[in-house]
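The next block holds one structure in the form of structure tokens; read it before the comments.
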Amino acid sequence: MKLIYATYNQYCNSIDIITFDNMLLRIDCNKAEDGLNITPDSQCALNALAIDNPMEYARLVLDNEMQAWIDAGDSLNVW
């Protein structure tokens, strides 16, 4: 599936994706983040990613790499 356009939908808290085949795919951010080990810092980073770069957020969800991305960001924080 080739993604061509993604936007953050603030009313549904979701990522709306248009595919090359002109299909609409909606990713619910609450369900995508359910079950992940999230710190307050990583939650802020996820929110910023969904709003500022929804295509990357969608890629992480669809490739099942969200937890790895969160863990990498949390390991860079200074304690």
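Table for the structure above
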{"read-out": "Sparsely packed chymotrypsin sites (Phe, Trp or Tyr not before Pro) within region 1-60, loop by DSSP, other Cβ within 10 Å at most 14", "value": "Y11, F20"}
{"read-out": "Electrostatic dipole magnitude of the chain [Cβ: Lys, Arg +1; Asp, Glu -1; Cα centre; debye, to 20]", "value": "220 debye"}
{"read-out": "Helix 66-75 axis, angle to the chain major axis (alpha carbon atoms, nearest 10°)", "value": "30 degrees"}
{"read-out": "Identified option (computed Rg and Dmax of the Cα atoms in Å; candidates (1) 11.7, 34; (2) 12.9, 46; (3) 25.5, 66)", "value": "(2)"}
{"read-out": "Spin-label model distance (nm) - L36 vs R59, 7 Å beyond Cα toward Cβ", "value": "1.5 nm"}
{"read-out": "Tilt relative to the chain, helix 40-52 - C-alpha long axis, 0 to 90 degrees, to 10", "value": "20 degrees"}
{"read-out": "Whole-number accessible area per residue in Å² for the chain, which is evaluated in the context of all protein chains at 1.4 Å", "value": "69 Å²"}
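The values are calculated or read from the model by the stated rules, or taken from the named source; none is laboratory data. Computed from a prediction, not measured in an experiment: that's the story for all the values here. Here Cβ is always computed from backbone atoms with ideal geometry, including for glycine, and neighbour counts include all displayed protein chains. These area figures cover heavy atoms from the full protein model, side chains too; ligands, DNA and RNA do not enter into them. Shrake-Rupley method; radii C 1.70, N 1.55, O 1.52, S 1.80 Å.
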